[in-house]
Amino acid sequence: MELPGFRIIDLIDILLVAAVVYYLYRLVKGTAALNIFIGIFIIYLIYQLTVFMKMEMLSQALGAVTGAGVVALIVVFQQEIRRFLLMLGSTKFTSRKRFFKQLRIFQEEQDNNHMVVNEIVKACEKMSLTKTGALIGIKRDGSLEFVKNTGDVQDILVNSSIIQSIFYKNSTLHDGAMIVEGNKITATRVILPISENRKIPQRFGLRHRAALGLTERSSAIALIVSEETGQISLVHEGEFETFTDTKQLAAKIKSHLA
């Protein structure tokens, strides 16, 4: 039995829209952008309902909000969109096999991020047990040259043992912060800008203020291991979170880097 006015092309249209929504959901799943995506999608559904009911004033207002939401998503995912467009424009797409090989870059980068995060968290867990103070800045989007220039430039693959040796109290590199970009430690003994935020709890020391200063001036995230208590803290966009469960810490960092 066919629905009146329903064509095969309409079914294809619905399936394609469903596929786009599904892959967009997979893209933002586990990230802070998921709430933005869900919110915009809900507003879009309400917008379509107002159009169907011919509520012109409300539909125009919601249409404007939906358009702004699309721009917001483009801003949030600008790095991923840029990589995808560069991939599409590459002259290396000479075969279907190579095309799918290029598509796997996204998954490989994600796997690489997970490996790096696991090594960093493993090092923080061990330094926490020995109350070894540490301060690690992890690049997301944007440049960190403005702080890297204050320290010693490095080119070292991220490794738990190396991180622990850098922050060992008798090491010549333990003072200041360490910068991680991708899968490399790119700088040590870095001097981070100190935050002047007066709302920082008094129990937090200079490392925490430096970590907060970095996240106030860049999109980077920062990890601190307290020398006094061994407590591990994560700073993102000026907000502190403390962790006792390293699995939760690793999952949180991965979501920020996704």
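A few comments on the model shown:
Conditions (1) modelled with pLDDT of 70 or more; (2) in a loop (DSSP other than H, G, I, E, B), marked per residue:
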| site | (1), (2) |
| --- | --- |
| Asp10 | yes, no |
| Leu15 | yes, no |
| Arg26 | no, no |
| Gln60 | yes, no |
| Ile81 | no, no |
| Leu85 | no, no |
| Phe93 | no, yes |
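- Counting only residues that are within 23 Å of Ser218 (Cα to Cα) and either open to solvent by less than 20 Å² (accessible area, probe 1.4 Å) or among the basic types (Lys, Arg) (or both), segment 113-141 holds 13 of them.
- Residue match in segment 200-215 (condition: at positive phi and in contact (Cβ under 8 Å) with a residue 40 or more places away in the chain): no
The values are calculated or read from the model by the stated rules, or taken from the named source; none is laboratory data. Quick caveat: nothing in here was measured; it's all calculated off a predicted structure. Backbone-built Cβ (ideal geometry, glycine too); neighbour counts: all protein chains shown. To get the accessible areas, we keep the full protein, side chains included, count just its heavy atoms, and leave off ligands, DNA and RNA. Shrake-Rupley method; radii C 1.70, N 1.55, O 1.52, S 1.80 Å.
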